[in-house]
1. Report, by residue number, each residue of the stretch 501-525 that is in a strand (DSSP E or B), over 16 Å from MET471 (Cβ atoms) and either in contact (Cβ under 8 Å) with a residue 24 or more places away in the chain or in contact with a helix residue (DSSP H, G or I) (Cβ under 9 Å, 6 or more places away or on another chain) (or both).
2. In this structure, is LEU269 buried (at least 16 other Cβ atoms within 10 Å of the Cβ), more than 16 Å from the ligand (Cβ to nearest atom) and under 21 Å from the mean Cα position of the chain (by Cα)?
3. What are the residues in the stretch 401-420 that are open to solvent by less than 10 Å² (accessible area, probe 1.4 Å) and within 16 Å of the ligand (Cβ to nearest atom), if any?
4. Considering every residue within the stretch 240-259, establish whether at least one is open to solvent by less than 10 Å² (accessible area, probe 1.4 Å) and part of a helix (DSSP H, G or I).
5. Could you count how many residues in the stretch 324-346 are part of a helix (DSSP H, G or I) and either among the hydrophobic types (A, V, I, L, M, F, W, C) or open to solvent by less than 40 Å² (accessible area, probe 1.4 Å) (or both)?
6. Determine whether LEU157 is within 16 Å of the ligand (Cβ to nearest atom) and either part of a strand (DSSP E or B) or open to solvent by 30 Å² or more (accessible area, probe 1.4 Å) (or both).
7. Across the stretch 72-105, what is the number of residues that are under 11 Å from LEU16 (Cβ atoms) and either open to solvent by 40 Å² or more (accessible area, probe 1.4 Å) or free of Cβ contacts under 8 Å to residues at least 60 places away in the same chain (or both)?
8. Is it the case that LEU287 is outside any loop (DSSP other than H, G, I, E, B) and open to solvent by 10 Å² or more (accessible area, probe 1.4 Å)?
Amino acid sequence: MAEPWWRDAVVYQVYLRSFADADASGEGDLPGVRSRLPYLADLGVDAIWLNPFYPSPMHDSGYDIVDYCGVDARFGTLEDFDILVRDAADLGIRVIIDIVPNHCSSQHPWFREAMGAGPGSEARKRFIFRDAPNNWQSLFGGPAWTRTPDGQWYLHLFDSTQPDFNWRHPDVVALFDQVLRFWLKRGVAAVRIDMANTLFKERDLPDLPSASTAAPYYDQPELRSLYRSWRRILDSYPSDTFPGPRGAVAEIWFSDPDIARLYLTKDGLPQVFNFRLMLVPWAAADLRAVIDEARGLVAESGGSMPWVLGNHDITRMVSRLGIDQALIRRPSAALRRGAVEVDIPRGTRRARAAVLLQLALPGAAYLYQGDELGLPEYLAIPDDRRKDPTFHRTGGAAIGRDGCRVPMPWSGNAPPYGFADGPVPTWLPQPPDWAALTVAAELSETGSMLQLYRAALLLRREHPALGDGEMTWVESSNAELAFTREPGFEFMANLGDSPAPLPAGCRVILASGPLDSGRLPADTAVWLDRAV
Ligand code: BGC
């Protein structure tokens, strides 16, 4: 039987608000994505994942949802969505959407009803109301509880405008069954499940004894049967447009592989994101360890863990790889204080090598919009233009995620760089010095980051060794990463300080940067053909 498509798909994350603006509102929209489909097809991706486009007051950029089966007017209409799915399919591109089940918006009709209905009401049971809060903190900073005018408190693991659902209430279960079916019928190929590990909380909501203990809102056992039931729903909608089943990828930030094991079950959600490449220092031993851990998890579970190098929640790759790597896990506060030097040329060299690593590894890959242009984190956004609730809820101590969400530069020499037609102010400001980083500029520059991505994606499609499958480490020095894949492919990266010899009898088919008299310079990677 053929492997499901998601096992080796390359998925491009479209951060809708910042991708392309067709109606000159300063925010991206669905018709904007549609107009840029040829760009995505030329880039060579198999699918796009759209961040939330549902009606929302946008307190958390659309992760605060008022209607799970609609489209916010700022992004277009349901018809625009249908047209996008159809046109994408015509170009061979699948569409993946974001499902946000942990919480809704405080403007959602159920929460408004709950607020009006008062303590003890049925309407409050769909959420987590209590007479007194526990000591949980919001993942965005500050307390996880907000007091209502009648004296009760409601739980929100994120912003106070994002009340958590009570997943032990049958209405909540039924709502999301219906939401999944609604979008599957409209032709989505897969769903990304936001915060897939926090839906259930321990029943009596115990205090968290210390910051280092496993929080009682993660990984509760009921998630297993919930995801089994979602898998049955997904499997009951055979795709009409593309061959193969519908997919689902769970957003789980884990550091302990045992946590990933809870989700990688045969009958649960078919994929769990692998964020580990983003969270370890740029060092051969660290990368090898997380790659081996994932290979083990995939082999034992039969599941799939797409590799991720960037997304809308994390400091941009070229900036992340350009700072002191001891800070890699939590660069936010240091970046905010300006307490860390960001070496963009170095980060860019490493990012180029990193993407060749990502695309050579067995399995699927997620690319984040703008990483293919090498966009750096925009650190100089004025405080009064910042939107991310994490910035505001920490009193500005955390820099927040706005810097990786800046509207895409498509062309031209000044903002809005072709993001919108005409000189509209964009919802987040763009830096004044991105003229060389636009799509148009990089398309005409030999060796640009964009050219590297296009070449790598084309080769990945054509080369029989790439995509899903096996890999074998090649013994190498501590500063290098090298592995082979059959037939005839070898990957090598130099993460040390001085040039390294290339293996004999190989031909370079793609390099992340210039070679040094036939040797592999520091922070450079190559794809090699061993068949010569
Ligand atoms: C999303 C974030 C969002 C949060 C709350 C996440 O993990 O990726 O962007 O703020 O969930 O919905």
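1. At the first step, the residues of the stretch 501-525 found to be in a strand (DSSP E or B) are 501, 507-511, 516, 519-520, 524-525.
Still in the running and over 16 Å from MET471 (Cβ atoms): 501, 507-511, 516, 519-520, 524.
Result: ARG507, ILE509, LEU510, ALA511, LEU520, THR524.
2. On the way: buried (at least 16 other Cβ atoms within 10 Å of the Cβ): yes; more than 16 Å from the ligand (Cβ to nearest atom): no; under 21 Å from the mean Cα position of the chain (by Cα): yes.
The answer is no for LEU269.
3. ASP402, GLY403, CYS404, ARG405, VAL406
4. no
5. Final tally of qualifying residues: 8.
6. Working: within 16 Å of the ligand (Cβ to nearest atom): yes; either part of a strand (DSSP E or B) or open to solvent by 30 Å² or more (accessible area, probe 1.4 Å) (or both): no.
When the stated conditions are applied, LEU157 does not pass them.
7. Here the count works out to 5.
8. Against the criterion (outside any loop (DSSP other than H, G, I, E, B) and open to solvent by 10 Å² or more (accessible area, probe 1.4 Å)), LEU287 does not qualify.
The values are calculated or read from the model by the stated rules, or taken from the named source; none is laboratory data. Not measured: the values here are computed from a predicted model. In this analysis, Cβ positions are derived from the backbone assuming ideal geometry, glycine residues included, and neighbour counts consider all displayed protein chains. SASA here: full protein model, heavy atoms, side chains in, ligands and nucleic acids out. Shrake-Rupley method; radii C 1.70, N 1.55, O 1.52, S 1.80 Å.
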